[in-house]
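Engineer: The structure's right below; bear with me while I get my questions together.
The values are calculated or read from the model by the stated rules, or taken from the named source; none is laboratory data. Remember, predicted model here, so these are calculated numbers, not experimental data. Don't worry about glycine lacking a Cβ; one is built from the backbone with ideal geometry, like all the others, and counts go over all protein chains shown. SASA here: full protein model, heavy atoms, side chains in, ligands and nucleic acids out. Shrake-Rupley method; radii C 1.70, N 1.55, O 1.52, S 1.80 Å.
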Amino acid sequence: MATVGENGNSGASADEPAAEILPVPTPELPPTPDLYSTDRVETFKGELLEFLGELVPPGEPPWDIGVFEGYGRGLVATRDIDVHELVFIDRPVLVGPRVNNYEVIFCASCCCILRRLQLCTGGCRLPICSRCDFSVGAASPHAAECRLIQSWQPKDAGRYSKNILYALTSIRGFLLSDRDRSIVLQMEGHPPRKEMTTEIERLLKDGYFWNLDGEGPAVRYLRQVVNVLNTNAFETSRIVADEENNNHEIILRGLYILGALMNHCCRPNVRYVFDDQLRMRVHASRPIKKGEQIMNNYSKILWGTQHRIIHLCFSKNFLCCCDRCKDPTESGTYLGALKCVRESCPEGRLLPINPLKISSLWRCDRCNLKMDNIKATKIQEIAGRMILNNAIKREASYIIDYLNDHIVKFLLPTNQFTVELKLQAIKKIQPDRPLSELREKEKYCLEILDVLERLNYGECFVKGVLCYELFVTRVTIAKLLNESDDAAETANLAQLRTAWKILSPSGNRPKDLQQLVVTYGIE
């Protein structure tokens, strides 16, 4: 297998195209169907059930595909669904690298960690391990996509290309069966914003291939797959170990068709995790009544309304008008609120008068001070930069001091940036830290759990993580204080039970969670 140095160059010349490779047939884009007609929805559902196969239990599933005014297609409950009940299991029709930088080098096919960059011998310019290399032949899971990339005649084939890696998930759309391709092309695919350069346009702009016509059918198909992925894909991951047995999380993106059919609500009724086979497992986070839509959240659950609206507008092309978005206080959590800027009003909270409008005036709920949205946005930008670009990267002790001594001067205790910093502190404060830090971690867990309770967010994934962290922290504190019996108190065991119910299906659940469940006999 070819290996390269730090510059990624094995000496191959880019002056001439590679030897001719037989072209791979390019799928033709069918005419755009009426996705919402009754017949089309039924046909689409049949194709989807066939794709899911044994993942759909015998009998009628608890979901159906419907068409909803203002939403388009969506999933609806065909019967009452209890909290924690499994609603469906989905598998990705496409999965692969995301369009982003990675901290480690990994095989483009199986995601195993590579000690040093190794290029596929087929000339596709992708990093690959010896088990997946093109030279393995038909047994290589990478062979088909490598032949496809070879057919486009990569320039400078001896060099690594991160941009081809970033486009690989879309490129894999060529390898789908007719049925799976039909499913993908029936998904909504919003074109990119004018200022956005997609992974395919970057390949064309920089001229990575001798034989890829920017106006030809292959590129037209690639663009449509990109649009579908950008509109519908989920972030998932693989946990892989390096040669020193250190675990790394390789973030991927996957197109889960059934999962993507769930419409959005800022207070959804489901949660989802990905198991060790990258299957999406969707459970009810709150009771769902027959005829009710099965709803997911497309944004971060602990973002304030203004940030959620902007995210949904630019990434999903719609504005949310749910009850949470309409309430300036967000059920009394004040996630998006700002501290009043008047020194004479230390308890005041600045809130948008109309939270559904990005241009809304803001007003203090104590002194009635008004502020235009430009100033309010500027304050949030400054707070975001200070926290997300500085404090969040520091060690736990610094974050605690920053929260206690600095943030209180300009942000509210439950502002989204404060909450994000507390979540990072929870992650970084490990059991071997001093008692004082463990106490702070316990407090942060309880505070954020209270925010979730106020939002009536149900048995969501973040709640599971916080309950696990709270249980482990309390056990550790009890041991430090020689109060081990307190660790098994009913209230604390309830946290462990909740964590297990929520996190147990996840392929990325904490390593010691199952052992804790056995040790404390909660099942």
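Each row is one residue, and each column tells you yes or no for (1) in contact with a helix residue (DSSP H, G or I) (Cβ under 6 Å, 6 or more places away or on another chain); (2) surrounded by 14 or more Cβ atoms within 10 Å (Cβ to Cβ); (3) assigned to a loop (DSSP other than H, G, I, E, B).
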position	(1), (2), (3)
ARG366	no, yes, yes
ILE374	no, no, no
ALA383	yes, yes, no
ILE387	yes, yes, no
TYR398	no, yes, no
ASN404	no, no, no
LEU421	yes, yes, no
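Engineer: Another question, if that's okay. Just to be sure, is ASN508 in a loop (DSSP other than H, G, I, E, B), open to solvent by 40 Å² or more (accessible area, probe 1.4 Å) and in contact with a strand residue (DSSP E or B) (Cβ under 9 Å, 6 or more places away or on another chain)?
Structural biologist: Criteria met by ASN508.
Engineer: Can you tell me which condition VAL226 does not meet? The list is (1) in contact with a His (Cβ under 7 Å, 6 or more places away or on another chain); (2) under 28 Å from LEU148 (Cα atoms), and all the others hold.
Structural biologist: Of everything listed in (1) in contact with a His (Cβ under 7 Å, 6 or more places away or on another chain); (2) under 28 Å from LEU148 (Cα atoms), VAL226 misses just condition (1).
Engineer: Something else now. Please state which of the following conditions ARG281 fails to meet, knowing it meets all the rest: (1) of a type outside the set (A, V, I, L, M); (2) over 25 Å from PRO62 (Cα atoms); (3) in contact (Cβ under 8 Å) with a residue 60 or more places away in the chain; (4) open to solvent by 20 Å² or more (accessible area, probe 1.4 Å).
Structural biologist: (2)
Engineer: Evaluate the range 149-171: report whether one residue or more is in contact with a His (Cβ under 6 Å, 6 or more places away or on another chain) and in contact (Cβ under 8 Å) with a residue 40 or more places away in the chain.
Structural biologist: No, every residue in the range 149-171 fails to be in contact with a His (Cβ under 6 Å, 6 or more places away or on another chain) and in contact (Cβ under 8 Å) with a residue 40 or more places away in the chain.
Engineer: Now for a separate question. Which numbered condition in (1) buried (at least 16 other Cβ atoms within 10 Å of the Cβ); (2) touching a strand residue (DSSP E or B) at 6+ places or on another chain (Cβ under 9 Å) is the only one that LYS409 fails?
Structural biologist: For LYS409, the exception is condition (1).
Engineer: Answer with yes or no whether THR236 is in a helix (DSSP H, G or I), of a type in the set (Ser, Thr, Tyr), outside the structural domain of ASP275 (by the TED database) and surrounded by 15 or more Cβ atoms within 10 Å (Cβ to Cβ).
Structural biologist: No, not satisfied.
Engineer: Identify, please: which residue in the range 213-223 is open to solvent by 30 Å² or more (accessible area, probe 1.4 Å) and in contact (Cβ under 8 Å) with a residue 12 or more places away in the chain and is, among those, nearest to TRP152 (Cα to Cα)?
Structural biologist: The selected residue is PRO217.
This table checks each residue for (1) under 25 Å from ARG116 (Cβ atoms); (2) touching a Ser or Thr at 6+ places or on another chain (Cβ under 6 Å); (3) basic (Lys, Arg); (4) modelled with pLDDT under 95.
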residue	(1), (2), (3), (4)
CYS132	yes, yes, no, no
ALA157	yes, no, no, yes
GLU188	no, yes, no, yes
ASP213	no, no, no, yes
ASN232	no, no, no, no
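Engineer: Can you tell which of GLU437, GLU459 is among the acidic types (Asp, Glu) and outside any helix (DSSP H, G or I)?
Structural biologist: GLU459
Engineer: Name the single residue, out of those in the range 308-337 being on the phi < 0 side of the Ramachandran plot and among the hydroxyl-bearing types (Ser, Thr, Tyr), that is least open to solvent (accessible area, probe 1.4 Å).
Structural biologist: Across the range 308-337, the extreme among qualifying residues is THR333.
Engineer: Take the residues in the range 52-62 that are surrounded by 15 or more Cβ atoms within 10 Å (Cβ to Cβ) and over 23 Å from the mean Cα position of the chain (by Cα); name whichever of them is nearest to GLN293 (Cα to Cα).
Structural biologist: Selected residue: PRO62.
Engineer: (1) crowded, with 19+ Cβ neighbours inside 10 Å; (2) more than 25 Å from the chain's Cα centre (by Cα): which one isn't true of ASP80, the others all being true?
Structural biologist: Every listed condition holds for ASP80 apart from (1).
Engineer: Which condition number does PRO127 fail, the rest of (1) touching a residue at least 60 places away in the same chain (Cβ under 8 Å); (2) within 27 Å of TRP210 (Cβ to Cβ); (3) touching a strand residue (DSSP E or B) at 6+ places or on another chain (Cβ under 9 Å) being met?
Structural biologist: Among (1) touching a residue at least 60 places away in the same chain (Cβ under 8 Å); (2) within 27 Å of TRP210 (Cβ to Cβ); (3) touching a strand residue (DSSP E or B) at 6+ places or on another chain (Cβ under 9 Å), PRO127 violates only (1).
Engineer: Find the residue count for the range 112-133, including only residues that are open to solvent by 30 Å² or more (accessible area, probe 1.4 Å) and on the phi > 0 side of the Ramachandran plot.
Structural biologist: Result for the range 112-133: 0.
Engineer: Restricting to the range 424-441, count the residues that are open to solvent by less than 30 Å² (accessible area, probe 1.4 Å) and in contact with a Leu (Cβ under 8 Å, 6 or more places away or on another chain).
Structural biologist: Looking only at that region, the number is 4.
Engineer: Here is a further query. Would you say LEU335 is over 30 Å from VAL228 (Cα atoms), touching a residue at least 24 places away in the same chain (Cβ under 8 Å), under 29 Å from the mean Cα position of the chain (by Cα) and part of a loop (DSSP other than H, G, I, E, B)?
Structural biologist: Yes; evaluated as a whole, the condition is true for this residue.
Engineer: Additional query: Assess whether LEU449 counts as being touching a Lys or Arg at 6+ places or on another chain (Cβ under 9 Å), among the aliphatic types (A, V, I, L, M) and open to solvent by 20 Å² or more (accessible area, probe 1.4 Å).
Structural biologist: The answer is yes for LEU449.
Engineer: Restricting to the range 183-231, give me the number of residues that are in the same structural domain as LEU148 (by the TED database), in a helix (DSSP H, G or I) and either out of contact with any Asp or Glu (no Cβ under 6 Å at 6 or more places or on another chain) or at positive phi (or both).
Structural biologist: Going through the range 183-231 one residue at a time, the tally reaches 21.
Engineer: Of all residues in the range 277-308, which are in a loop (DSSP other than H, G, I, E, B), more than 16 Å from the chain's Cα centre (by Cα) and not small (Gly, Ala, Ser)?
Structural biologist: Across the range 277-308, the qualifying residues are GLN277, ARG286, PRO287, LYS289, LYS290, GLU292, ILE294.
Engineer: So for the range 240-249 (the condition being crowded, with 18+ Cβ neighbours inside 10 Å, out of contact with any Asp or Glu (no Cβ under 6 Å at 6 or more places or on another chain) and of a type in the set (Val, Ile, Thr)), does at least one residue qualify?
Structural biologist: no
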